[in-house]
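What follows is one structure encoded as structure tokens, with my remarks underneath.
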Amino acid sequence: MALHVFNTRTKQKEPFVPADPKVVRIYTCGLTVYSHMHIGHARTYCFWDVFRRWLEYRGYHVISVINYTDIDDRIISDAANGGTGMLDHAERIIASFRQDCRALNIKDYATYTRATDFVAEQIDAVQALLDKGHAYVSDGEVLYDVRSFERYGELSGRTIEALQEGASGRTADAERERKRFFADFTLWKPSKPGEPSWETGKPEWPSGRPGWHIECSVMSTTTLGAHFDVHGGGIDNLFPHHENEVAQAEPLCGHPWVGYWMHPAHLQLLDESNDPVKMSKSLGNVISIPELVKNHSADQIRWFFGVTHYRSSLAFNWQLLAESSKGFEKIKRAVGILERRLEQASDAELNIPVQGTYASLRSGDQAIPRERESFVHGAFGEASARFIERFIAGMDDDMGTSKATAALFDYVGELFVGGIEASDDVPSLLAAYRCLTRHLWVLGAELPNPRLYPELAVECTRSADAGGGDEAERVAALGGVIDKLLEARQDARKAKDFAKSDLIRDLLQAAGVAVEDTPKGARWQLG
RNA sequence: GGCGCGGUGGCCAAGUGGUAAGGCGGAGCUCUGCAAAAGCUCUAUUCGCCGGUUCGAAUCCGGCCCGUGCCUCCA
């Protein structure tokens, strides 16, 4: 079975077939840069990252674009209140967004677009919609004529009538006067004094700024072409934002404008009594990324996200994150054990390149991953083959990361039963290590040891500044001292001086170093 | 009011017609100087409730109860 994804446009799972058999073009609605990225955004962007990684694992080249909405009412008012210019304000938010993404191990996008860099194209698009009769000018403002687009409401499953009912009594009189129809939305509006403004050269709407919806339609088609494969954003964007984007773009680009619409669900914060609560600045309960990664690794966070399917809303509190991290420890321990075993091997023994090619992306039964043959060798090969099959089946079914995590648990169990803790069989251990880290990579976790898996290590964008570096440094600095202490402890144990050996272990424990005895001697890690 | 989504063991969570994955927590055991880790066994005759279709339903249909999202700020 090939990859299937749930397409919001058709409301069903469909085989994923990009326009170009080897390339997937994705546009993601990004942040409105009036405030910093928070845990809710993290869930969404981590999903896009996993989706991208899964496509890459399957052999596609992915071109992903994300935008910053750097002009809208809130940015203008926030910037005004903060006493800075709008663009300075946006600049700071963008810089912290990039940093937060790196902290979460989210791969860089091919392009990051800013609405203010595409104003000329937006003006052209507005004019084109006017020319085609889909828009009208009202007192210097350009509005989209919703009733001129017969498919309006199709994407989000609404009808004009239903919208009208929902809106009854909610539209202000002033708004009714400006608009021909209550649901008409702004394409271009005059700026107030002191607000950012662009000249259009159009007599009827000479200056002002673009509306939110036109920004995205224009940025996506300008960077990815008139038709592209995936357009996504949080479920809250479905209406009105994406509905309006379709209404704008299809008259200009044709139908269907994009192949697949995908909408990850929200993360829902739970309060002390486990009731859902809205995250908001005024309640002071917004969880920032620095706060999130302070006591949890990116791996743990991404594992937590992966356990729940992306189209289910995800409840969050620190307790739930802690419980999921507890489960992830077993996976991490297996990786650690393999790494320790292999660290002792010589370069010559480890010199087993990972190889493979994709049969053909055009055939439905492509051999994936391309490294498969390198993974299924040796003592753990059968377990690895079973695991890969389950992992792929799970992910192919509309990004079933829950099934993928279950497969990982079972695989790791088989590796323990298979004896990774005592094995000296370097080729087998290496194949298992690579198989495990390769698939953890898909979920956004685990930077592999470059010495053990150089091919994958170079693919990882995470650098030493992303949180892993600190621990690596600590380990390097402490290693020598700890090894000396453990030697002393081992001597004490041999002499049956358990009081002394336990004292050493307790001291290390107190210093944050967990010690475990194994058939191959003591092992330690920072706890 | 309109349009959706969801209710699976103490908790999290898969499963969309063939007889309940996986994880956390809990109980017992093996191994071990003791820990830790790992392994083994047990922990839902049952999937919000009531009807219906079917040889067979957590899965399909109808009704009801509860929760939740959106209805022009929102990932």
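Structure data summary
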quantity	calculated
The stretch A:216-323: projected area of the alpha-carbon convex hull, averaged over directions, in nm²	8.7
Over the stretch A:468-526, relative contact order from alpha-carbon pairs under 8 Å, at least 6 apart, %	21
Descending semi-axes in whole angstrom, ellipsoid equivalent of the stretch A:468-526, from the Cα gyration tensor	22, 11, 10
Degrees separating the helix A:243-253 axis from the principal Cα axis of chain A, which is the longest one	70
Euclidean distance between Cα centres, the stretch A:228-283 to the stretch A:486-517, Å	55
The stretch A:244-399: C-alpha pair distances exceeding 20 Å, %	71
Angle between chain A longest axis and helix A:86-103 axis [Cα atoms, degrees, rounded to 10]	30
Net length gained if the chain between A:TYR112 and A:GLU91 were fully extended (0.36 nm per residue, minus Cα distance)	6.3 nm
Partners for A:LYS484 among lysines (Cα-Cα distance below 27 Å; same-chain residues under 8 apart left out)	A:LYS332, A:LYS494, A:LYS496, A:LYS500, A:LYS520
Amide hydrogen neighbours beyond the local backbone of A:ARG311, cut-off 5 Å, H modeled	A:ALA265
log10 of Debye I(q)/I(0), alpha-carbon scatterers only, for the stretch A:22-262 at 0.07, 0.13 Å⁻¹	-0.24, -0.84
Length added when fully stretched, A:ALA348-A:ALA477, from 0.36 nm per residue minus Cα-Cα	43.7 nm
Förster radius 30 Å - calculated FRET efficiency between A:SER207 and A:LYS132 (Cβ-Cβ, nearest 0.05)	0.85
Cα shape, the stretch A:321-464, gyration tensor, a/c 1.5 rule	rounded
Bins of 10 Å from zero: percent of alpha-carbon pairs in chain A	3, 16, 24, 23, 16, 9, 5, 2, 1, 0
The stretch A:1-40: trypsin sites (Lys or Arg not before Pro) falling in loop per DSSP and having at most 15 other Cβ within 10 Å	A:LYS11, A:LYS22
Rg to Rh quotient for the stretch A:84-159, alpha carbon positions, Kirkwood Rh	1.13
q = 0.32 Å⁻¹: log10 I(q)/I(0) that the Debye formula gives for the stretch A:415-461, counting C-alpha atoms only	-1.16
Largest-first ellipsoid semi-axes for the stretch A:1-152, taking √(5λ) over the Cα gyration tensor eigenvalues, angstrom	30, 26, 13
Cα→Cβ-extended label distance, 7 Å offset, between A:LYS13 and A:ALA385, nm	2.6
Low-density loop cleavage sites - GluC sites (Glu not before Pro) in the stretch A:204-290, where at most 11 other Cβ are within 10 Å (DSSP)	A:GLU272
Helix A:119-131 vs. chain A, principal-axis angle (Cα, 0 to 90°, nearest 10)	50
Theoretical ellipticity at 222 nm over chain A - DSSP helices of four or more residues, -39500 (n - 2.57) apiece, nearest 500	-14500 deg cm²/dmol
Potential extension, A:GLU195-A:ALA510 segment - 0.36 nm per residue separation minus Cα distance	107.6 nm
Computed FRET value (nearest 0.05) for A:GLU177 with A:VAL286, which takes r as the C-beta separation and R₀ as 45 Å	0.75
Space enclosed by the convex hull of the alpha-carbon atoms of the stretch A:98-236, per residue, Å³	165
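Since every read-out is calculated from the coordinates, none of them should be taken as a lab result. Every value quoted in this text rests on a predicted model; they were computed, and no experiment measured them. All Cβ positions, even for glycine, are placed from backbone atoms using ideal geometry, and neighbour counts span all protein chains on display.
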